[in-house]
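The block underneath contains the structure these notes are about, expressed in structure tokens.
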Amino acid sequence: MINITLPDGSVKKFDAGVTPIDVAMSISEGLARNVISASFNGTTVETKTPLTTDGSLILYTWNDKEGKKAFWHSTSHVLAQALQEMYPGIKLTIGPAIDNGFYYDVDFGDQTITDKDFKAIEDRVLAISREKHEFKMRSASKAEALEFYKSENNPYKVELIENLEDGTITFCDHATFTDLCRGGHIPNTGIIKAVKIMSVAGAYWRGDEKNKQLTRVYGISFPKQKDLTEYLELLEEAKRRDHRKLGKELELFAFSSKVGQGLPLWLPKGAALRDRLEQFLKKAQKKAGYEQVVSPHIGQKELYVTSGHYAKYGADSFQPIHTPNEGEEFLLKPMNCPHHCEIYNTKPWSYKDLPKRYAEFGTVYRYEQSGELHGLTRVRGFTQDDAHIFCTPDQLDEEFKKVIDLVLYVFGSLGFENFSAQISLRDKEDREKYIGTEENWEKAENAIINAAKDKGLNTVVEYGEAAFYGPKLDFMVKDALGRQWQLGTIQVDYNLPERFDLTYKGADNELHRPVMIHRAPFGSMERFIAILLENTAGNFPLWLMPEQAIILSLSEKYENYAKKVLDLLENHEIRALIDNRNETIGKKIREAEVQKLPFMLIVGEEEEKNGTISVRRHGDAGKSNQTMSIEQFAALVEEEVNKTLKPFEV
């Protein structure tokens, strides 16, 4: 008999050789029907893998991330079989699951594949799937594996196998198809009910541009046709919400090939939007005791060597800037924190002076590969709402919790309600990529875990996601389309204070090291605005809108009254503009709708006569306009602004 420990901590006894699907059946027939993958003692196994020792078992369904991974990886095998049948002579390479679906990299030789072929490939994948072939794992010696792929004249698989150790090589068989594979499959192909080939793209073998370019076939699959339909509808909605499209329509930002890739140009409306976000956070930060600082856009290379950023970001940095003095090198700054450490170091501090909270909207630069650039979410120059808190160890818990409060205030004011907090810790095995002592890391990790618990946050722990100098609390936000983004981060750092020899004089009259907290509620202004755009579809909270209202005059006769209304609105600090073009009121309304303007204020003979405005809301097509005074409208705007923009409470 063996003992199987389940996720809830319960232990069940089974005969040795029991399979994960047998364990699922012992719990409930319904669970067994839905189980599609499993892991045993942290290793992915098949649902029919015999278990022969005591251990911990996790059963996965389609609703689990690991379940989807197995589902999509299995479908990539079926895709590979279909492609091999339809395009004889092709050479298969690798086909992993990704965040949304899977891909397979293929050397098609002289053959080509276009979107016109997608439907036929999908039909063949589904035909194979309906035959309900089981996925079966088997071991092979290195010699057998090499012989198999040499006989198939596949140099890619041969190269992969040559880098593997004998005794670790496994194959997966289904139907007449065999593929080199480490495992992690659904029970049989019959579970695959819907598939869509999404696109094809070029991809260098092993990501090296010196190697041959292959064709990457992207796809996605589901256990129900309904799931695929909903997914495709979601993609269409995502296209409508694409921040690059909305940014152009709303005249917020642009890119120029002459300026350079990944370097956004903020247009007047976008610059005003950024400024409002900055002022919003600066106001809250001032109440929370932060002091604004400004640091240069470049720094001596030695600064970043000291901090450890050069070792971390050196390969991704822009080339060094050389001065006329021999041997003098500067870098565009990849991070603000080394500069803030040097600001702290400008004078001696006592424990009575701490905490010191330095805040800066500092622009940093990193050389991202051109293929990785994407609108505002991946750029080469971005502005962080950075701040660094230098405090005593005794102050750490309270300061960390105050930062959590600030992040939650930002989220609440901007409509991000669905989020969790990810506690990002070191890799359990590989400690080489981190700087600092084991003792300091343990103190930093415990500080985050305890603070998150005390604040009652919905947390998940992820190992291997810490920064190289310290653990993090990352806020993972779900947007209106259910996509997850990392927004806002707080980090505890015992290491940079040591590297920069930061000190303060304690009550014992001795020198001590401060603890450093890194924090950025927005993360980067560029990425935050991109996600905010897509989450709101451009319908920002009223307090943030570039223009809150537009005045539409029925004809040129009412232009003077329109200007009077504008002046009165400005007295109430309401941002508005006038559309007095010689166009029909219908066209003016349609264009105002496209611009996402929250309120359209129509003025004509009746309004001028009575000193009123006719108010129409964005998106209220078919509804009657409301007639009201300027004062009533100003009160309405103030009420709606106050629903989301509440004062920050310290």
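The values are calculated or read from the model by the stated rules, or taken from the named source; none is laboratory data. Since the structure is predicted, the reported quantities are computational estimates derived from the model, not experimental observations. Every residue, glycine among them, receives a Cβ derived from its backbone with ideal geometry; neighbour counts consider all protein chains shown. Keep in mind that these areas ignore ligands, DNA and RNA; they rest on the heavy atoms of the full protein, side chains included. Shrake-Rupley method; radii C 1.70, N 1.55, O 1.52, S 1.80 Å.
Run the accessible area of the chain with a 1.4 Å probe and give the carbon-and-sulfur part as a rounded percent. List each step's numbers first, then the result.
Values: 15060 of 31940 Å².
So the carbon and sulfur contribution to the accessible surface is 47 percent.
What ranking, highest mean first, results for peptides 447-460, 209-222 when packing means the other Cβ atoms within 10 Å averaged over each residue?
209-222, 447-460
For Ile98, enumerate residues with amide H under 5 Å from its amide H, sequence gap 5+ or separate chain, H modeled in the peptide plane.
Excluding prolines and chain starts, which carry no amide H, the hits are Tyr103.
Taking only Cα atoms, what is the 0 to 90° angle, nearest 10, from helix 630-644's long axis to the longest principal axis of the chain?
30 degrees
Once the Cβ-Cβ distance between Lys150 and Lys245 is put in as r, and R0 is 60 Å, what FRET efficiency do you end up with, to the nearest 0.05? Walk me through the intermediate numbers first.
Details: r = 49 Å, r/R0 = 0.82.
Efficiency, from the Cβ-Cβ distance: 0.75.
Can you tell me the order of 413-419, 254-260 when each peptide is scored by its average per-residue count of other Cβ atoms within 10 angstrom, highest first?
On the way: 413-419: 18.0, 254-260: 10.3.
Ranked by mean Cβ neighbours within 10 Å, highest first: 413-419, 254-260.
Using amide H atoms built 1.01 Å from N in the peptide plane, name the residues 5+ places from Gly362, or on other chains, whose amide H lies under 5 Å from its own.
Amide H to amide H, under 5 Å and 5 or more residues apart or across chains, Gly362 pairs with Gln384, Asp386.
Give the percent of DSSP beta bridges with both residues in the range 519-616 that are antiparallel, rounded to the nearest 5.
25 percent
Please work out how much accessible surface Cys181 shows to a 1.4 Å probe, ignoring ligands, DNA and RNA, in Å² rounded to 10.
Solvent-accessible area, nearest 10 Å²: 10 Å².
Using DSSP to define loop residues, name the GluC sites (Glu not before Pro) in the range 562-604 whose beta-carbon has at most 13 other beta-carbon atoms within 10 Å.
Glu573, Glu583
Of Leu146, Leu569, which has the most accessible area and how do the rest follow, probe 1.4 Å? Could the numbers behind the result be given before it?
On the way: Leu146 30, Leu569 0 Å².
Heavy-atom accessible area, descending, gives Leu146, Leu569.
State the cysteines of the chain left without a partner when partners are defined as other cysteines whose beta carbon lies under 4.7 Å away.
So far as the 4.7 Å Cβ criterion goes, Cys337, Cys341, Cys391 stand without a partner in the chain.
Using the alpha-carbon atoms, what tilt in degrees (0 to 90, nearest 10) does helix 585-594 show relative to the longest principal axis of the chain?
Helix 585-594 and the main axis of the chain meet at about 50 degrees.
Mind checking the range 249-344 for GluC sites (Glu not before Pro) that DSSP puts in a loop (not H, G, I, E or B) and that have at most 14 other Cβ atoms within 10 Å? Write out the running numbers ahead of the final one.
Working: sites: Glu249, Glu251, Glu278, Glu291, Glu302, Glu326, Glu328, Glu329, Glu342; in loops: Glu251, Glu326, Glu328.
Answer by residue number: Glu251, Glu326, Glu328.
Which entries in the list Lys282/Lys455; Lys239/Lys333; Lys563/Lys609; Lys609/Lys646; Lys269/Lys643 go over 26 Å, if you measure between the two C-alpha atoms of each? Could you put the intermediate results ahead of the total?
Working: Lys282/Lys455 24 Å; Lys239/Lys333 34 Å; Lys563/Lys609 15 Å; Lys609/Lys646 37 Å; Lys269/Lys643 24 Å.
Correct reply: Lys239/Lys333; Lys609/Lys646.
Express in Å², to the nearest 10, the accessible area of Tyr290 obtained by rolling a 1.4 Å probe over the protein heavy atoms while all chains stay in place.
Near enough 30 Å² of accessible area.
Taking a 28 Å limit on the Cα-Cα distance, which of the listed pairs Lys286/Lys312; Lys48/Lys142; Lys196/Lys428; Lys116/Lys226; Lys91/Lys132; Lys116/Lys210 fall beyond it? Each step should come with its number before you reach the end.
Working: Lys286/Lys312 32 Å; Lys48/Lys142 25 Å; Lys196/Lys428 37 Å; Lys116/Lys226 24 Å; Lys91/Lys132 25 Å; Lys116/Lys210 30 Å.
Distance filter (> 28 Å) returns Lys286/Lys312; Lys196/Lys428; Lys116/Lys210.
If I fit a long axis through the Cα atoms of helix 559-571 and take the longest principal axis of the Cα atoms of the chain, what angle between them do I get, 0 to 90°, rounded to 10?
Taking the Cα atoms of the chain, the angle to 559-571 is about 80 degrees.
Considering only protein heavy atoms, what is the solvent-accessible area of Arg483 at a probe of 1.4 Å, reported in Å² to the nearest 10?
Arg483 exposes around 70 Å² with every protein chain in place.
Using only helices, what value at 222 nm comes out for the chain when you add -39,500 (n - 2.57) per DSSP H run of length 4 or more and divide by the total residues, to the nearest 500 deg cm²/dmol? Spell out each step's value before the answer.
Details: 20 runs with 227 residues, N = 650.
Helix-only estimate at 222 nm: -10500 deg cm²/dmol.
Once amide H atoms are placed 1.01 Å from N in the peptide plane, what residues at a sequence separation of 5 or more from Tyr367, or on another chain, have their amide H within under 5 Å of its amide H?
When sequence neighbours closer than 5 places are left aside, the close amide H contacts are Ser317, Phe318.
Going by a ≥ b ≥ c, the root eigenvalues of the Cα gyration tensor, does the range 197-247 fall in the rounded group (a/c under 1.5), the prolate group (a/b larger than b/c) or the oblate group?
Oblate shape, in that a/c is at least 1.5 and b/c is the bigger or equal ratio.
In whole Hz, with x marking every Gly and Pro, tabulate ³J(HN,Hα) for the range 270-283 from phi via Karplus 6.51 cos²θ - 1.76 cosθ + 1.60, θ = phi - 60°.
So the Karplus estimates, Gly and Pro as x, are x, 5, 5, 4, 4, 4, 5, 5, 4, 5, 4, 6, 4, 4 Hz.
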